[in-house]
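Okay, structure first, notes after.
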């Protein structure tokens, strides 16, 4: 009699112990997430508080200067814009075409396997090795110089895997009966892709493109190796002109010992951060819109 | 007969034209897909061909055994281990942050969160990976280092510790997202079986789900490692430019990537020994990251076969 009741009590304390542990882990998980998000928040807050006083119209429309309070980011944001334009012209068509080929045309054979494995590895190699490759190949072998064209193409290669992978994922969510219906009405393969597959996957593809562009805007390391200059006091007039971009300008200001330049760096960082977070927010929103639009 | 020829001639021409157009489109799409293979070979070929002449001047023995890396000095020494120690040190610090936090976050998101909460937290966590690395560099140098110096007064203003810590926070989402995907791919009946036997959520998570998803989680770790090895701007800004064969996190150090940045900032004539050294550093880095990537993919492929 007494032994059963003591076992019951034991079981009860056991269950309570497990529940307490469960609660404890729930708490640990919450703290972990909070820690990560608070770090992000403090990064944004620190940058905003230091940099905000420098944000003014003249900061956006002045060239870099020896005097910190006169220096601005005019050539940097124009350069970033031009470079990203070249990047999109190259990476978007190439990436979408590769994605469509791999999902709709490729047969399951060793070549396809090779291309797939290769894309996985491309996505994993450090960005600075793209820069080294571009220095050896674009700058010295093809004599494109340290130009906007070189920089845009380098970043194009860098973000290509992102676009390919997201294009494939978007196409894969389209059920096969859509294709079969199109074929049974007599459409050719390309007609099916053009009229059905691409429109239905455009949400996912656009998400990938926006994320890829946000990555290109923030990328610094490969552009240092292909020779982005830090002191450009004019606007580029052709794709072969030298250039600077926003992250490089920020890197230059961070690397200086004077504190006044650090304030400029924070202001440039704030602009950069706003742009990338805005683009990522857009990507999340596009994904949400299209998920509501197409339900298979 | 007459009907047939009337029916077939214009039609077959039109059809042949259409088939031709179709196969042309197919071919050009194939060429686009093939371009990615060319890029890989381009990267590997350029790195090897620009790095190889270096070994005419420097013996492999010196390259591996020298204890200093001073290629631009008068008495140059080329001990690659010096740069590698910097890379491994910052990577190790980053991983001690990213692996525990990333794993806990993944378990929490996958097993403890409601669907709604996950939809909110996951994109927020992934924003950590969207912040440009140069911004993280600024944060490490001008926010984390002064903060740490209040606790550890002997900390140098350029140091491996704060660069590593910030890098760790940066790669949390890489680890947590991939690990969470792996945990959610574990079939529901395993979870239900464990809960039905009276196990708590915590016991189910760590005794059933994590072991079942282990290969996916391990591949997330491996990809996190290769991300940390190749990270450039954070270490170039915050860890300093002092190549040192030491594992002291409080001192400044130099990684393979930071060395490439430092040399590229100056003007280097093509073919000079300084120019060769950045390709050598890049090649070592490429070999390291490719090895880790292949290991990670191998582990993941094994998992995908397990739960088909």
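Observations, loosely collected:
- Every helix of 4 or more DSSP H residues in chain B counts as -39500 (n - 2.57), and over all residues that averages to -24000 deg cm²/dmol at 222 nm.
- Mean separation of Cα contacts under 8 Å (6+ apart) over length of chain A, as relative contact order %: 26
- Taking all Cα pairs closer than 8 Å and separated by 6 or more residues, the relative contact order of chain B comes to 24 percent.
- Residue mean of other protein chain beta carbons inside 10 Å, A:38-45: 5
- The distance from the alpha carbon centre of the stretch B:239-308 to that of the stretch A:158-185 is 35 Å, rounded to a whole number.
- Estimated distance in nm for a label pair at residue B:57 and residue B:147, the labels positioned 7 Å out from Cα along Cα-to-Cβ: 4.3
- Comparing A:117, A:89, A:213 in a Gaussian network model of chain A where C-alpha atoms under 10 Å apart are linked, the largest mean-square fluctuation is found at A:117.
- Ellipticity at 222 nm from helices only: DSSP H runs of n ≥ 4 in chain A, each -39500 (n - 2.57), divided by the residue count, give -24000 deg cm²/dmol.
- The stretch B:57-149 shape via C-alpha gyration tensor axes, a/c threshold 1.5: prolate
- The mean number of partner chain beta-carbon atoms within 10 angstrom of a residue's beta-carbon across peptide B:182-188 is 0.
- Taking label points 7 Å from Cα along the Cα-to-Cβ direction, residue A:69 and residue B:246 give a separation of 4.1 nm.
- Each of residue B:34 and residue A:274 was given a label point 7 Å from its Cα along the Cα-to-Cβ line. The distance between the two points is 4.7 nm.
- Prolate/oblate/rounded call for chain A, Cα gyration tensor, a/c under 1.5 rounded: oblate
- Rounded if a/c under 1.5, otherwise prolate or oblate - the protein assembly as shown, Cα gyration tensor axes: oblate
All of the numbers you see were taken from the coordinates with simple rules; none came from a lab. Note that the structure is a prediction, hence the values are computed from the model and not measured. Every residue, glycine among them, receives a Cβ derived from its backbone with ideal geometry; neighbour counts consider all protein chains shown.
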